[in-house]
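Report on the structure given below.
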Amino acid sequence: MSDLSTYIKNASAAGTEVATMTAADLAGKVEALALETCSSTALLAGFEKSPELLAAIVSGLQKAGVRIVNSEEAALADLGVTHCETLVADTGSLSHDSFGTATLTASLLPKVHLAVGRPVNLHPDLKSLLAANAQKMPARLALITGPSRTGDIEATMTKCVHGPGRVIHYIIDRPA
Amino acid sequence: MSGRGFPARAARATQDERVLKAVAKTAQLLLEKRKAAIGGLGDFEERRTRAREIKERVVANLDSLAQTFAQNATAAGAKVHFAQSGREVGALLVKLARERNLKLAVKTKSMTTEEIGFEELAHAAGIEAVETDLGEFIIQLAHEKPSHIMAPAIHRDRAQVGQLFHEKLGVPADLGVEGLVAAARNHLREIFLNADLGITGGNFLVAETGTVALVTNEGNGRMTTSLPRLQFVVAGIDKLIPTLADLPEFLTLLTRSASGQPISSYVTMVTGPRKQGETDGPEEVHIVLLDNGRSTIAAGPFWQMLYCLHCGACLNHCPVYRAVGGHAWSSPYPGPMGSILSPLIWGLDEYPELPDACTLCGRCREACPMAIPLPDYHLKLKEKRNARALLPRLGATLASKPGLYRFALARLRGVLRKGSVPIETRAYANWTKARALPMPGEGPTFREWWKKRKEGKA
């Protein structure tokens with residue numbers, strides 16, 4: 001099994017909704033998701049170096065009538081869209097860090113988190129991810145494995161406590 | 001029923017059927033999930049052997065590892081403080097609160113902060129510390145203490161939580177579990193956005209990089225380490241591990257043992273404050289490395305208690321815990337690990353009967369991801385307590401001094417012959433309820449008779 005299929009299997013088991021697609025499909029998929037989740041505002045983070053993905057996401061959001069908010073309004077956003085290229089296969093985790101822009105808050109505050117990106121840094125395991133960061137640890141390095149959840153009331157698994165209740169990952173794994 | 005002590009508290013707990021049902025249900029569920037997750041590893045024994053080897057080195061080198069951690073965390077921009085006790089943590093809080101005008105804190109679940117009574121320390125510094133883990137939030141609202149180290153509100157069912165939220169948060173009383181979670185999210189979101197500081201424990205402290213690793217499922221750990229301008233970490237020095245490469249192994253042992261997850265929803269690794277060019281995270285990170293008796297434990301016969309990952313698996317597997325619930329321990333640390341750790345931290349005088357709360361069935365050791373010899377430790381601690389106890393010492397003294405022994409027996413005979421026994425304890429009452437205390441006869445004792453016979457008088 002390739003690392004990517006391992007990631008997809010484990011992330012899905014943890015509750016992340018994973019889909020693979022071409023960059024050309026992205027705008028349509030984002031539009032459909034925005035409508036499905038009834039999002040009226042979105043917060044975007046981390047796309048500085050991927051203008052073509054950013055353009056596709058913005059176009060999809062606009063078609064769905066979603067207003068894009070800046071970081072001052074971060075707390076109000078319905079949908080958080082982050083650029084994510086770092087994955088860990090054996091835990092099914094996606095990873096964000098504090099280098100660059102505010103992917104940490106955009107992946108945390110809204111009730112729905114959409115991660116989009118090519119699997120550029122696909123690590124087989126956590127050890128490999130940490131080894132890649134050991135020389136220069138970012139101030140914050142977060143692993144995200146499925147939605148926010150709790151079992152604190154009668155051990156009943158319930159989603160969307162403080163973080164997002166849904167985590168969706170669009171992996172761009174083929175050329176357009 | 002009155003009385004302090006474990007037996008009285010346990011007796012009170014077993015009268016509350018709702019509590020017992022809630023405890024049994026959650027403990028059983030966690031136990032089954034753990035079993036599946038540990039089974040999924042395939043090489044649990046090898047893994048815990050490796051983890052034990054690492055912890056053995058950690059416990060033997062606590063000082064130097066703490067220094068390495070402090071150096072590297074400082075290099076990353078954090079301020080590291082060493083504290084011997086909760087009092088020193090309190091003094092630091094007072095200073096920080098005064099200098100930086102800190103009023104409102106959000107807090108993640110942390111056993112170490114429970115251990116030092118953090119809420120009162122914060123209060124004394126003029127800081128309101130709001131618990132943000134759902135379970136901890138519930139018991140803070142109810143003014144209770146946690147009853148499980150992983151699931152602190154395990155003793156409350158949904159109806160009780162619903163009533164509590166209705167009274168304190170003004171939400172409808174008939175919300176289901178999802179509605180209750182949403183109510184807590186909305187209430188706490190405001191507080192997160194307005195908090196001056198975030199308070200966390202640390203599941204692991206990585207010496208090599210000065211990193212604090214936090215494990216949460218709800219996301220409150222990420223909120224607490226991202227939103228407020230200052231982060232305050234309190235972690236025991238037993239949480240140190242040498243390198244980043246050691247972290248994955250410990251993480252998976254912890255989450256699989258605690259909740260049966262291969263990894264928690266979130267793992268947050270904090271290495272210093274926000275750096276130039278970064279937009280997330282606090283401007284200041286303070287890390288308190290707490291000793292509070294740990295160095296003494298490391299040097300004593302119970303050193304393996306410092307291997308503990310605080311996963312709670314021993315609680316879920318303990319027949320005594322499952323029968324009486326966590327409050328009977330009257331300690332932040334209940335269950336098998338608590339029966340050992342509580343007397344080690346606060347003294348046997350404070351918790352004399354906890355080593356008795358054990359059937360020696362051995363399930364805790366089997367379930368423990370670090371294979372801590374908890375049943376042996378119960379026995380060892382019992383021996384230690386008995387050696388200090390008054391009654392056995394009195395017996396030993398009498399038995400080693402024949403003159404004193406004869407004198408004491410003669411006095412006891414005199415008292416018993418008068419027919420009044422000046423003892424009024426529950427143990428004595430329980431004993432005499434079913435048995436008659438034999439009265440000494442009127443005639444001479446054997447010794448007196450023998451003495452007279454030798455003198456030719458009998």
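No value in this document is a laboratory result; all are computed from the given coordinates. Just so it is clear, the model here is predicted, and its values are computed rather than measured. Cβ atoms come from the backbone with ideal geometry, glycine included; neighbour counts cover every protein chain shown.
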Where does each of A:Met137, B:Met111, B:Met439 land when they are ranked from fewest to most other beta-carbon atoms within 10 angstrom?
-> B:Met439, B:Met111, A:Met137
Among A:Ile144, A:Ile153, A:Ile57, whose mean-square fluctuation peaks in a Gaussian network model of chain A (Cα, cutoff 10 Å)?
-> A:Ile153
Toy charge model, Lys and Arg Cβ at +1, Asp and Glu Cβ at -1: the protein assembly as shown dipole around Cα centroid in debye, rounded to 20, equals 3940
Cβ neighbours within 10 Å from other chains - mean over B:210-219 = 5
Label B:Asp174 and A:Cys38 with points 7 Å out from Cα along Cα→Cβ: what is the distance between them in nm?
-> 2.1
At B:Leu379 and A:Gln62, where each label point lies 7 Å from the Cα along Cα→Cβ, what is the point-to-point distance in nanometres?
-> 7.6
Can you sort B:Val94, B:Val80, B:Val288 by how many other beta carbons sit within 10 Å, fewest first?
-> B:Val94, B:Val80, B:Val288
Part-to-part distance (alpha-carbon centres) for the range A:17-87 and the range B:55-133, which is given in Å | 39
For the charge dipole of chain B, defined by +1 on Lys and Arg C-beta atoms and -1 on Asp and Glu C-beta atoms about the Cα centroid, which residue among B:Leu341, B:Phe446, B:Gly312 has the Cα displaced farthest towards the positive pole?
-> B:Phe446
Sorted by mean Cβ packing within 10 Å, highest first, what order do the peptides A:75-87, B:222-234, A:37-49 take?
-> B:222-234, A:75-87, A:37-49
Sum of -39500 (n - 2.57) over DSSP H runs of 4+, divided by residues of chain A (222 nm, nearest 500) | -8500 deg cm²/dmol
Which far-off residues, 5 or more places away or on another chain, put their amide H under 5 Å from the one on B:Leu240, with H placed in the peptide plane?
-> B:Leu205
Give me the distance between the Cα centres of the range B:288-323 and the range B:331-372, rounded to whole Å.
-> 7
Where is the GNM fluctuation largest for chain A (alpha-carbon springs, 10 angstrom cutoff): A:Ala139, A:Ala55, A:Ala89?
-> A:Ala139
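Using 0.36 nm per residue of separation minus the Cα-Cα distance, give me the extension gain between B:Gln163 and B:Asp43 in nm, one decimal.
On the way: separation 120, 0.36 × 120 = 43.20 nm, distance 4.52 nm.
Extra length available between B:Gln163 and B:Asp43 comes to 38.7 nm.
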Report the full-extension gain for the segment B:Arg413 to B:Lys452: residue separation times 0.36 nm, less the Cα-Cα distance, to one decimal in nm.
-> 12.1 nm
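Are there any GluC sites (Glu not before Pro) in the range B:248-288 that are in a DSSP loop and have at most 16 other Cβ atoms within 10 Å? List them by number.
Numbers: sites: B:Glu249, B:Glu278, B:Glu283, B:Glu284; in loops: B:Glu278, B:Glu283.
Here the sparse-neighbourhood loop sites are B:Glu283.
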Expressed as a whole number, the average count of other chain Cβ atoms within 10 Å around the Cβ atoms of B:436-449 is 0
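Which whole-number percent is the relative contact order of the range A:81-176 (Cα, under 8 Å, 6+ apart)?
Working: 180 pairs, mean separation 33.8, N = 96.
Reported as a whole number, the value is 35 percent.
Taking every residue in A:97-107, how many Cβ atoms of other protein chains lie within 10 Å of its Cβ, on average?
Working: counts 3, 11, 4, 4, 4, 5, 2, 8, 7, 1, 3.
The per-residue average across the peptide is 5.
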J(HN,Hα) series, the range A:7-23, from Karplus relation 6.51 cos²θ - 1.76 cosθ + 1.60, nearest Hz, glycine and proline x = 4, 4, 5, 6, 5, 5, 4, 7, x, 6, 8, 9, 9, 9, 6, 8, 4
How large is the helix-only mean residue ellipticity at 222 nm for chain B, computed as the sum of -39500 (n - 2.57) over DSSP H runs with n ≥ 4, divided by its residue count, in deg cm²/dmol to the nearest 500?
-> -16000 deg cm²/dmol
B:Ala245 versus B:Asn386: modelled label distance in nm, points set 7 Å from Cα along the beta carbon direction | 4.7
With θ set to phi - 60°, apply the Karplus curve 6.51 cos²θ - 1.76 cosθ + 1.60 along the range A:125-132 and write out the HN-Hα couplings as whole Hz, x wherever there is a Gly or Pro.
-> 8, 5, 4, 5, 4, 5, 4, 5
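If the only charges are +1 at each Lys and Arg Cβ and -1 at each Asp and Glu Cβ, what is the size of the charge dipole of the range A:133-176 around the Cα centre, to the nearest 20 debye? Show your work: numbers first, answer last.
On the way: 6 positive and 3 negative charges, 46 e Å.
Computed charge dipole of the range A:133-176: roughly 220 debye.
Let's see if you can work this out: charge +1 on each Lys and Arg Cβ, -1 on each Asp and Glu Cβ, no other charges. What is the dipole magnitude of chain B about its Cα centre, in debye to the nearest 20? Please report the intermediate quantities before stating the final value.
Working: 60 positive and 47 negative charges, 618 e Å.
It works out to roughly 2980 debye.
Where does each of B:Trp346, B:Trp329, B:Trp449 land when they are ranked from fewest to most other beta-carbon atoms within 10 angstrom? Write down the numbers at each step before the final one.
Values: B:Trp346 16, B:Trp329 25, B:Trp449 13.
Exposure proxy ranking, most exposed first: B:Trp449, B:Trp346, B:Trp329.
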